[in-house]
Structure formats: C-alpha cells, structure tokens
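This report refers to the structure that appears directly beneath it.
The values are calculated or read from the model by the stated rules, or taken from the named source; none is laboratory data. Because the structure is a prediction, the values reported are computed rather than measured. Please note: Cβ atoms are built from the backbone with ideal geometry, for glycine as well, and neighbour counts cover all protein chains shown.
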Amino acid sequence: MVAQLEAPQAQPGAPQASSAAEIEPAAGHLPNPAPDPAPEYAHLADVPLRLEAVLGQLTMNMRAVAGLEKGSVLTLNRSAGDNVDLFVAGVNLASGEIVVIEGALGVRITDLLTGE
C-alpha cells in the first residue's frame, strides 16, 4: 500500500486532481521551518515534490489481482509496528513510525538517510 501526499498544483486554469488531499500539519505539530536554500538553489525552493509514505509492498500475478474483491486481505512485507519508508520524488529519504494525530494518520520521522 502506498499513501501518496502531493503538494497542490499551482497552474492557473488547469483542472485540479482531487485524488490527493491537501495536507496540513496538526495544531502543535508544525515542522521546523526549512532553512533558506543556498543562493544558487533559491529558484527551486518552491518546486512541489511528491512525498510517499510506503507501508509495505507485495507482488501478485494477474490472476490473483483479478480475484480481489471487497473484504480481500493482503499480507504485506512488513510486520505491525515496523517503520514506513518515506520517498521524496522517488528517492528513499527517511523512515518513520505511524502516529495518530487528532484522528488522522501521520508519520513521525525516526531516521533520515544520508546516502552514506
């Protein structure tokens, strides 16, 4: 299962997709403000990036997919309590734990991947 979080599209006059909800931080849980980018990257600071929180994955053949129905249960490759992976623009950037904030699901970042 992949939960996709998208920044809203800012193209005037273009139809807006309604598949991704506009995400707002819960009251009292605002992230630290991002530092200003280096001057050579300042023009990229407001480019929207897709963030995905991946709970788990599995591979199924077409016969199994065609047999899915309401109430089907899929076993993912993770155990209850495992961290989810956070991907930014398709790159695994961090992992975190699922939390409930005022009835909504969120992810508390526990590890930032540095590429080392």
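General remarks:
- Test result for residue 34, modelled with pLDDT under 90 and over 21 Å from residue 94 (Cα atoms): no
- Within segment 92-104, being assigned to a strand (DSSP E or B) and exposed (fewer than 11 other Cβ atoms within 10 Å of the Cβ) holds for one residue alone: 100.
- Annotation note: Cβ proximity below 9 Å between a residue of segment 55-75 that is over 30 Å from residue 107 (Cβ atoms) and a residue that is surrounded by fewer than 10 Cβ atoms within 10 Å (Cβ to Cβ) (sequence gap 6+ or interchain) occurs for no pair.
- Residue, modelled with the highest pLDDT, within segment 62-91, restricted to residues that are of a type outside the set (A, V, I, L, M) and not in a loop (DSSP other than H, G, I, E, B): 63
- Residue in segment 51-58 that is assigned to a helix (DSSP H, G or I), at pLDDT 70 or above and under 25 Å from residue 93 (Cα atoms) present: no
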